[in-house]
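Undergrad: Dropping a structure here in structure tokens format, bear with me for questions.
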Protein chains: 2
Amino acid sequence: MSETDFLLEITDMSLEKNQQNYETIFSLSNGYLGTRGSKEEDFILNKKADQGTFVNGFYESEPIVYGEAAYGYAKDSQTIARVPNAKQFMFSFNGTPFSKGKISNEHHYLDMKKGILCRSFTWVSQKDEVVEVKTERFVSMTNKHFLFNQYEVTPVTHSGLFEFHGEFTTNDRVLEEDDDPRKAKSMAHLLTTQVLLGEEQEPYLETRTSHSGLCMMSSLTLSTDQEKILPRTQSTSTGYHYDFEVEVAKDNSYAVRQQVYYGESYETEFLDYLSEKAAHEAYWLDFWEMSDIQIEGDPTLQKGIRHNLFHLNQAAGRDGKTNISAKGITSDGYEGHYFWDTEMYMIPFFIYTQPEVAKKLLMYRYSILNNAKKRAEELGISSGVLFPWRTINGEECSAYYPAGTAQVHINGDISYAIQTYVDVTGDTQFMEEYGAEMMVEIARFWLSFGAFNQDEFMINGVTGPDEYTALVNNNFYTNKLAKYNLECVVNLIQESPYLQERLAIQQDEIEKWALAAKLMRLPYDKERGLTLQDDGMVYRQVWPFKTTPKEKYPLLLHYHPMMIYKHQVNKQADTVLSQYLFEGDFTREQLARDYAYYESITTHDSSLSRSIFGIVGTRINEVEKAYDYFMDTVSMDLDDVQGNTIDGIHAANLGGMWLGLVKGFGGVTIQDKELHISPVLPDKWQSLTFCIKYQSRVIRVFVSHKEVRVTLVSGEKITLAINKQSVILESGLVITL
Amino acid sequence: MSETDFLLEITDMSLEKNQQNYETIFSLSNGYLGTRGSKEEDFILNKKADQGTFVNGFYESEPIVYGEAAYGYAKDSQTIARVPNAKQFMFSFNGTPFSKGKISNEHHYLDMKKGILCRSFTWVSQKDEVVEVKTERFVSMTNKHFLFNQYEVTPVTHSGLFEFHGEFTTNDRVLEEDDDPRKAKSMAHLLTTQVLLGEEQEPYLETRTSHSGLCMMSSLTLSTDQEKILPRTQSTSTGYHYDFEVEVAKDNSYAVRQQVYYGESYETEFLDYLSEKAAHEAYWLDFWEMSDIQIEGDPTLQKGIRHNLFHLNQAAGRDGKTNISAKGITSDGYEGHYFWDTEMYMIPFFIYTQPEVAKKLLMYRYSILNNAKKRAEELGISSGVLFPWRTINGEECSAYYPAGTAQVHINGDISYAIQTYVDVTGDTQFMEEYGAEMMVEIARFWLSFGAFNQDEFMINGVTGPDEYTALVNNNFYTNKLAKYNLECVVNLIQESPYLQERLAIQQDEIEKWALAAKLMRLPYDKERGLTLQDDGMVYRQVWPFKTTPKEKYPLLLHYHPMMIYKHQVNKQADTVLSQYLFEGDFTREQLARDYAYYESITTHDSSLSRSIFGIVGTRINEVEKAYDYFMDTVSMDLDDVQGNTIDGIHAANLGGMWLGLVKGFGGVTIQDKELHISPVLPDKWQSLTFCIKYQSRVIRVFVSHKEVRVTLVSGEKITLAINKQSVILESGLVITL
């Protein structure tokens, strides 16, 4: 692979709707620390810039104000908070302020192969003094508390005096005046930042939240090639400003390095920039070795795929106490909350390529199991747990329960992810120690929340994944996942007397689970041969698509929820999503019929939709359609398909793209505990190559129009199915098509 | 009737839960102006007292804050505002402050016959000086801008100096710390009150709201027997304080009179207290002549009935610009909003006894027809109107749409009330000028909001009257009222080419209305022979009543709405309410079956419920049950059945009581445009007597266990049905039972 395939230039993205999209696309993070790709001088020259820096899980909360409150509503909001931002940096040269000069030859790009954001430009003063500027920035993947910037100046026409000015301050959110509920409100007024002094009188910052009781220390160490710089500083209410000067001779270069630390306690260690950078780059090279997915036949697409994999990998919390927020760590959109997106869209990538990270993500759920227990009790559910629909700290903070707490399928999603993790990795120890307990508590929830009714088991008054339909009876998706959870738990406990005893499970409890699974109501319209999204669907009329003008999409921003809910109209895949998960349970004819119907009533107003329609498309021979959906998922952020890339990456969609490639076109599924690979290649590509980890093995899959080549890169031989043919993989296999 | 039957003493009410209940029960109002029955000295001696004075329709608004907002949500709150309160008054006698004396022999009562609140007590100073105090208060029914107080002192042991102190200030709401959504938030900080000076330098007050742009002038004129008193005054931020002294000889009486004015412009007229009082008393005597309902056999009940009729009559706005708020003008509970309560619970009383007031209440709806048109447009409803669920100024201000905007049955309720008004009064001119237009716009709404689906007409995604069930398909009550509206409109327009032309109605529109009425879906379970509240009901399990402890009622204060909604549990009559309205459309067996079922799942957590179960009980021979329900409605406020009398009277329940007497036990209905009277008398009563107006006649009905006596008090002879027998009423008729 050539180096340039990994260079993402500003010209690779659409800036049509928002000139600041690059801030999101060029965001750097390591799962703990994230910073937007704003330019160094933006703090002075671009008041619209959102320069946000964030730490995953560092949030502020406030009591939620309801127009009309009711019992059991979520009490406090949680919003990821901004931490001090060190990127703010600029110079004067021989008395000419930066702002009076002109910038040309700007080159701004992300080197995804190494995880470095680079920038170079020529600055010319009014007196025709020319300075070449080069910057680089990385957020260390190997030392999570640190980000590094380097700012290098080279005067090429005159020697002279550089006066550098920087700020290490917390920037407020740049609020636009609109009511988009997906954007976070500013919490800046609730944060207090104090300048403290370290042992050597060097300043560092302590940022405290008012309500959530959290504290974040941060420090900025300036240096030039191992030598610390000690600037003049001036404290402000949000951090401090600093200045220093240096004479630089013509054609000489001078590089200022920033080592920026964030953590719970103040850290004084001065690190070697080049070693840190080398370790960081080595991490990324390893990452691509395992996780890169290659397409022959479309270089633009190739770059887009890598961009998405890059951001997906950047987004995941890896400490078992944090997770993946809906916007990664690129913005405070959706308030930095963790949703079901993790389990249903993003965790499969980690399960199949970095199982140790997947485990940490599931451990986060285990860490909030007590919150989920408490939440169930608050709701009057006598047994089991209900995981929060959106949260950072484990408490529910959805302020609109019909599209929040009512989405009890989150329980089923988590259980599904646990089972998949164990199936793919073979990590039964995790299941014994943590997974089973979560799955059992979830099984208990269904029995307590749902009810046997008319020879069926019903789960009523819930909202499925599709947020254009709310508070329905027997949502197909929810019930299907509940059924699967119950079946898995029954198997698990029947096979493990140890677990049965440890989790205090009575025999009749197992029997009830088995019965509920067996009698689970799965709405179906026999006359039309149609799987029904829920019991109320037959009453609702189809949304008047023909008379709805284009500018009225997304519907949620132009129609009252009660008008949307009473129609057959989907924001996203719902029934089709369950069919992607349980493909084996449906005939191809059924899949095709349901697909055609639900596609006709789906707006894809959610970024979670297209990827799923893409995958299921590959399974019903709608490869061209699948290709189109897939192409939209790849370019969602780069092309600003949803119109809000500026507010952060669409993290779940990144995972959705991986699903599209590996589980869609790659045809990777687990069926009856066996790995299946049944690829389908779009006409426009010459080939597709990807790797997966499966039960301690690494398997590489190459698909062209002529052959499928499966290679056992490492690990012991294994039986798997290629194109539904059972085969034993020892080193490599080629199936000619 | 004896005078004492009209005297409501403090001992007639329960003060067990709340010592301040008398403030509500002794509230006085005239439909425009209302003031709570607090004691004169409460402003100093009882900090818990709620001394509120209100003007119907005078409100403040604020943007509603939502935890998570969405398109089309109601934008601004509206809360009835407190106006300056003149009741605050006390004295010192010979230097002893009122608070240092002791009160004994207190007698506090409402003379309902005359509409006067009276109080007398003996005050004894520490030096054993005795002063007899007598007060009276009335809110004029004949001069709506005025309320009057008289405070009379008689020193009986010593002559001496009275130093009077009073305050004319706006009191803030006495906020208790709880989350009860039915209580209003304080708006006091948004009001500004300025002291201005009149032509004779007398102070008056201007109260302005910050957001709603309203202004209320008020003034207090003090006098003693025709002579004005000009006290010393001192301005404060919410009004002014005043003081004056007078020497009173032993055994002489001195009466201070307050003439308190409220209106949009300042009024200087000084009125004659005694003439105003006489006119006011005459009004009430006339009122009782027409509207009193007499029961023989239960004096306590008799008093309770009169209390309710008194408050019901006090509550109604009579200017065509205001309506009846859920708490009358006795409090700011429910924020002073007008609900469907008016049309379905209260307007029948006015239709049958004061049709001119009923007309004004309907004219209020006509005055907000444009708001209702605009609201429908906001929701994307292409044709017709949607009246606001709760409002003062005509704009929707429900901050929780599933139990607000989604209750589109408000449209059907208004149409039903219009049709009933015209049927009972014969006021076809009102129909032509105003009523038909509203009803046609409502008919248009159904066609635009609902839809033909599978050979039926469906109205989906709505909430019926029962607020423990939300966002359902085909709520029986809603559809039944929609069907009736459509049928009425089709008849009306087919008979009036004038209206068809004036309201621009095409022939095919009429045909669609007729078809929708004909195909209207009315959910029914054939197997169980049960009328279904909505289509989703069969899926919901019955609430676990057996395991729900008593202290968990009302459910809404102890369970999350999503937990309530997914069960079969009713807050109030829903299907049964429609059966009360359309009795003739159901067999007695059907009524009995539905009644038994819905009674078993109804908590009556709404004050609107018991009255309806009472009425329908009379129609299925459950007279004892009907009696029990009825008795609860009568005593709801006096006995504090709901536990929140302190927050204001339950206005709809007052109307519900009237319905129970006249339409329940009295058996008054209109069937096929004919007046029916089919009384049923509970065993415990000897007789029941009431009057109604019907098409310009006054008809008196006397019911005993032996006979039904119907008298034509005034007007021309008429054909009606007594106990289903058609008869001609010329002067009087006696049916022996």
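Just so it is clear, none of the values below were taken in a lab; they were calculated from the coordinates. Just so we're clear, the structure is a prediction, and the values are computed from it rather than from any experiment. Note that each Cβ is placed from the backbone with ideal geometry, even for glycine, and that neighbours are counted across all protein chains shown.
Undergrad: May I ask which residue of chain A has the beta-carbon nearest to the axis carrying chain A onto chain B, and at what distance in whole Å?
TA: Residue with the nearest Cβ, plus whole-Å distance, for chain A: A:VAL65, 2.
Undergrad: Here is a follow-up. Lys/Arg Cβ at +1, Asp/Glu Cβ at -1, dipole of the protein assembly as shown taken about the Cα centre: which of B:SER212, B:GLY304, A:ALA514 is farthest positive-ward?
TA: My answer, from the dipole projection, is A:ALA514.
Undergrad: Follow-up. Given the options B:VAL139, A:VAL440, A:SER578, identify the residue whose Cα lies farthest towards the positive end of the charge dipole of the protein assembly as shown (+1 on Cβ of Lys, Arg; -1 on Cβ of Asp, Glu).
TA: Projecting each Cα onto the dipole axis, the largest value belongs to A:SER578.
Undergrad: In nm, one decimal, shortest first: how far is the label point of A:SER275 (7 Å from Cα along Cα to beta carbon) from the matching points in the other copies?
TA: Ordered by increasing distance: 10.3 nm.
Undergrad: Could you compute the net charge surrounding B:THR207? Neighbours are other residues with a C-beta less than 14 Å from the C-beta of B:THR207; K and R count +1, D and E count -1. Each step should come with its number before you reach the end.
TA: Numbers: positive: B:ARG82, B:ARG208; negative: B:GLU60, B:ASP172, B:GLU206, B:GLU264.
It works out to a net charge of -2.
Undergrad: Debye calculation, C-alpha points only, no solvent: report log10 I(q)/I(0) for the range A:25-283 at q = 0.09, 0.10, 0.13, 0.17 Å⁻¹, in the same order as the q values.
TA: Reported log10 I(q)/I(0), two decimals: -0.43, -0.53, -0.86, -1.38.
Undergrad: So, one more: Quick one: of B:LYS75/B:LYS571; A:LYS75/B:LYS566; A:LYS39/A:LYS113; A:LYS303/A:LYS717, which pairs are farther than 24 Å apart, Cα to Cα?
TA: Values: B:LYS75/B:LYS571 27 Å; A:LYS75/B:LYS566 22 Å; A:LYS39/A:LYS113 21 Å; A:LYS303/A:LYS717 33 Å.
Exceeds cut-off: B:LYS75/B:LYS571; A:LYS303/A:LYS717.
Undergrad: Report relative contact order for the range B:667-737 in percent, whole number only (criteria: Cα-Cα under 8 Å, sequence separation at least 6). The partial results should precede the final answer.
TA: Numbers: 137 pairs, mean separation 19.1, N = 71.
Normalised by residue count, the contact order of the range B:667-737 is 27 percent.
Undergrad: Read phi for every residue in the range A:148-164 and hand back ³J(HN,Hα) as whole Hz from Karplus 6.51 cos²θ - 1.76 cosθ + 1.60, θ = phi - 60°, with x for Gly and Pro.
TA: Once θ is set to phi - 60°, the couplings for the range A:148-164 become 10, 10, 10, 10, 10, 10, 9, x, 10, 10, 9, 6, x, 9, 8, 9, 8 Hz.
Undergrad: While we're here: Once you charge only the Cβ atoms, +1 for Lys and Arg and -1 for Asp and Glu, what is the size of the charge dipole of the protein assembly as shown about its Cα centre, to the nearest 20 debye? All intermediate terms of the calculation are to be shown ahead of the outcome.
TA: Numbers: 138 positive and 206 negative charges, 446 e Å.
Using Cβ point charges on Lys, Arg, Asp and Glu, the protein assembly as shown gives about 2140 debye.
Undergrad: Label position 7 Å from Cα toward Cβ: report the copy-to-copy distances for B:LEU515 in nm, one decimal, ordered from shortest.
TA: 4.9
Undergrad: Which semi-axes, in whole Å and largest first, does the equivalent ellipsoid of the range A:666-737 have when worked out from the alpha carbon gyration tensor as the square roots of 5 times its eigenvalues? Present the calculation step by step, with values, prior to reporting the outcome.
TA: Working: eigenvalues 75, 32, 24 Å².
The equivalent ellipsoid of the range A:666-737 has semi-axes of 19, 13, 11 Å.
Undergrad: Could you please report the charge total around A:LEU555, scoring K, R as +1 and D, E as -1 over all other residues with beta-carbon less than 9 angstrom from its beta-carbon?
TA: +1
Undergrad: Kirkwood hydrodynamic radius for the protein assembly as shown: how many Å is it when counted over pairs of different Cα atoms?
TA: On the way: mean 1/r = 0.0275 Å⁻¹.
Its Kirkwood hydrodynamic radius stands at 36.4 Å.
Undergrad: Against the longest principal axis of chain A, how steep is helix A:588-600, in degrees 0 to 90 to the nearest 10, with axes from Cα atoms?
TA: For helix A:588-600, the angle is close to 50 degrees.
Undergrad: Using modelled amide H (1.01 Å from N, peptide plane; none on Pro or chain starts), what sits under 5 Å from the amide H of A:HIS211, excluding residues fewer than 5 places away?
TA: For A:HIS211, whose amide H was placed from the backbone, the distant partners under 5 Å are A:SER61.
Undergrad: For chain B, what is Rg from Cα atoms divided by 2.2 N^0.38 Å, rounded to two decimals?
TA: Numbers: Rg = 26.6 Å, N = 737, 2.2 N^0.38 = 27.0 Å.
Relative to the 2.2 N^0.38 Å estimate, chain B comes out at 0.98.
Undergrad: Can you give the calculated 222 nm mean residue ellipticity of chain B, where each DSSP H run of n ≥ 4 adds -39,500 (n - 2.57) and the sum is split over every residue, rounded to the nearest 500 deg cm²/dmol?
TA: -8500 deg cm²/dmol
Undergrad: Rounded to the nearest 20 debye, what is the charge dipole size of chain B about its Cα centre when +1 sits on each Lys and Arg Cβ and -1 on each Asp and Glu Cβ? Spell out each step's value before the answer.
TA: Details: 69 positive and 103 negative charges, 246 e Å.
Its charge dipole is roughly 1180 debye.
Undergrad: Moving on to the next point. What are the ³J(HN,Hα) couplings of the range A:673-686, residue after residue, when phi is run through the Karplus curve with 6.51, -1.76, 1.60 and θ = phi - 60°? Round to Hz, x for glycine and proline.
TA: 6, 10, 6, 10, 10, 9, x, 9, 10, x, 4, 6, 9, 7
Undergrad: Then there is this: Over every pair of different alpha-carbon atoms in the range B:481-566, take the mean of 1/r and invert it; report that Kirkwood radius in Å.
TA: Values: mean 1/r = 0.0592 Å⁻¹.
Roughly 16.9 Å, rounded to one decimal.
Undergrad: In addition: For the range B:98-112, just list the computed ³J(HN,Hα) in residue order, Karplus coefficients 6.51, -1.76 and 1.60, θ = phi - 60°, integers in Hz, with x standing in for Gly and Pro.
TA: Residue by residue, the range B:98-112 yields 3, 5, 8, x, 10, 9, 9, 6, 6, 10, 9, 7, 9, 8, 5 Hz.
Undergrad: Then there's this: Rounding to the nearest 10 and keeping the result within 0 to 90°, find how far the Cα-based axis of helix A:369-378 lies from the longest principal axis of chain A.
TA: 60
Undergrad: What are the nm distances, shortest first, from B:GLU527 to its equivalents in the other copies, labels at 7 Å along Cα→Cβ?
TA: Label-point separations across copies, in nm and ascending: 1.9.
Undergrad: Note down the net charge around A:VAL385, summing +1 for each Lys or Arg and -1 for each Asp or Glu among other residues with Cβ under 11 Å from its Cβ. Intermediate results must be reported in sequence, preceding the final value.
TA: Details: positive: A:ARG365, A:LYS373, A:LYS374, A:ARG375, A:ARG444; negative: A:GLU377, A:GLU437, A:GLU441.
Around A:VAL385, the surrounding residues sum to +2.
Undergrad: Using +1 at the C-beta of Lys and Arg and -1 at the C-beta of Asp and Glu, which of A:LEU556, A:CYS118, A:PHE162 has the Cα lying farthest in the positive direction of the dipole of chain A?
TA: A:LEU556
Undergrad: Can you sort A:VAL256, B:VAL710 so the residue with the fewest Cβ neighbours within 10 Å comes first? Could you put the intermediate results ahead of the total?
TA: Values: A:VAL256 23, B:VAL710 20.
The fewest-first ordering by Cβ neighbours comes to B:VAL710, A:VAL256.
Undergrad: On a 0 to 90° scale, report how tilted helix B:436-449 is relative to the longest principal axis of chain B, with both axes built from alpha carbons and the result rounded to the nearest 10.
TA: 60
Undergrad: If you don't mind, there's one more thing I want to ask. Under the rule of at least 5 residues apart or a separate chain, name every residue whose amide H is placed under 5 Å from the amide H of B:TYR694.
TA: Here B:ILE699 satisfy the definition.
Undergrad: Under 5 Å between amide H atoms, partner at least 5 residues away or on a different chain: which partners does B:ILE229 have, H built in plane at 1.01 Å?
TA: B:LEU222, B:SER223, B:THR224
Undergrad: Go from 0 up to the bin containing the longest alpha carbon distance in the range B:323-665, width 20 Å each, and give me the % of pairs per bin.
TA: Per 20 Å bin, starting at 0, the Cα pair percentages come out as 31, 61, 7, 0.
Undergrad: Apply the a/c threshold of 1.5 to the C-alpha gyration tensor of the range A:646-700 and tell me whether it is rounded, prolate or oblate. Before the final figure, lay out each step's value.
TA: On the way: a/c = 2.10, a/b = 1.36, b/c = 1.54.
Here the range A:646-700 falls in the oblate category.
Undergrad: Still on this model: I need the trypsin sites (Lys or Arg not before Pro) found in the range B:556-653, filtered to DSSP loop residues with at most 13 other beta carbons within 10 Å of theirs.
TA: Values: sites: B:LYS566, B:LYS571, B:ARG588, B:ARG593, B:ARG610, B:ARG619, B:LYS625; in loops: B:LYS566, B:LYS571.
Answer by residue number: there is no such site.
Undergrad: For peptide B:60-71, how many partner chain Cβ atoms fall within 10 Å of a residue's Cβ, on average? Intermediate results must be reported in sequence, preceding the final value.
TA: Numbers: counts 0, 0, 0, 1, 4, 4, 9, 16, 13, 6, 11, 12.
Shielding by partners across B:60-71 averages 6.
Undergrad: Based on DSSP, what percent of beta bridges with both residues in the range A:293-665 are antiparallel, to the nearest 5? Show your work: numbers first, answer last.
TA: Details: 8 of 14 bridges.
So the antiparallel bridges amount to about 55 percent of the total.
Undergrad: A further question follows. Could you tell me the relative contact order of the range B:201-309? Use alpha-carbon pairs under 8 Å, at least six residues apart, and round to a whole percent. Kindly include the intermediate steps, with their values, before the conclusion.
TA: Values: 104 pairs, mean separation 24.5, N = 109.
Answer for the range B:201-309 is 23 percent.
Undergrad: Using only alpha carbon pairs under 8 Å that are at least six residues apart, calculate the relative contact order of chain A and give it in whole percent. Don't jump to the answer; show the numbers that get you there.
TA: Values: 1601 pairs, mean separation 87.0, N = 737.
The value is 12 percent.
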